[in-house]
Amino acid sequence: MSKNICYLFYGDKIDTNWVAWYMFVKQLFNSYNLEVSHLGIASESFKSGKIVTTKRKEKTLISKLNEGEVPRCIECYSLLEDFRIAMFDYKMLCIRTEKFIAIVFKEEYLGIIDEKNILEMKEYINFSDGEVFSTDIKEVPLLYAYAKNANGLETYKFIKTIK
């Protein structure tokens, strides 16, 4: 059965460089011939809780970030064209919250992923610790990222520590 691979970076409260981070994520996705097709944004200006197309909201997002708005969370998805549920139907997902950054991708991308590029995420937080782990594709790895407790995931498998 296919797996999700998750790179998880923890740090102190993250409240700066959101525009630079977002541009880096776009470049990272593009380096794997993927695009950030959809966004999930939680902030003062974005309250719907629904994902939106990048084409529709990117300009507004960047404008708000440049004005100094600090989001609670930004999720960047490269979704399948016929996606049904964003949390399961992505090719790659990058999420940034006030406490962590996570990059999740399907196991079939392992052959083309350059870990050195992914580890550059440490530059966008006050990095304290991190790890790489896998889950079955039917589980949501971000449940672990938020709780830092593997008990909620039946298929959690630790791969390595990020230093």
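Quick look at the values:
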| read-out | value |
| --- | --- |
| Any hit, region 81-88, residues being at pLDDT 95 or above and open to solvent by less than 30 Å² (accessible area, probe 1.4 Å) | no |
| Residue in region 114-122 that is at pLDDT 90 or above and open to solvent by 80 Å² or more (accessible area, probe 1.4 Å) present | yes |
| Pairs where the first residue, in region 45-66, is part of a helix (DSSP H, G or I) and the second is open to solvent by 90 Å² or more (accessible area, probe 1.4 Å) and acidic (D, E), C-beta under 9 Å, 6+ apart | T54/E35; K64/E44 |
| Identity of the residue in region 58-80, basic (K, R) and modelled with pLDDT of 95 or more, that ends up least open to solvent (accessible area, probe 1.4 Å) | K64 |
| Selected residue (only one of S134, S78 is part of a strand (DSSP E or B), polar (S, T, N, Q) and without any contact (Cβ under 8 Å) to a residue 60 or more places away in the chain) | S78 |
| Output for region 140-151, where each listed residue is in a helix (DSSP H, G or I), open to solvent by 60 Å² or more (accessible area, probe 1.4 Å) and of a type outside the set (S, T, N, Q) | L143, Y146, A147 |
| Residue in region 1-8 that is at pLDDT below 95, open to solvent by less than 20 Å² (accessible area, probe 1.4 Å), in a strand (DSSP E or B) and not hydroxyl-bearing (S, T, Y) present | no |
| Pick from region 89-113, criterion not charged (D, E, K, R) and not in a strand (DSSP E or B), ranking: surrounded by the fewest Cβ atoms within 10 Å (Cβ to Cβ) | G111 |
| Residue match in region 16-27 (condition: touching an Asp or Glu at 6+ places or on another chain (Cβ under 8 Å), open to solvent by less than 10 Å² (accessible area, probe 1.4 Å) and at negative phi) | no |
| Residue ID - farthest from the chain's Cα centre (by Cα), chosen from residues in region 152-163 that are of a type outside the set (F, W, Y) and open to solvent by 20 Å² or more (accessible area, probe 1.4 Å) | E154 |
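The values are calculated or read from the model by the stated rules, or taken from the named source; none is laboratory data. Because the structure is predicted, anything quoted here is derived from the model rather than measured. Quick reminder, even Gly has a Cβ in these numbers, built from the backbone with ideal geometry, and neighbours come from all protein chains shown. Just so you know, the surface numbers come from the protein's heavy atoms only, side chains and all, with ligands and any DNA or RNA stripped out. Shrake-Rupley method; radii C 1.70, N 1.55, O 1.52, S 1.80 Å.
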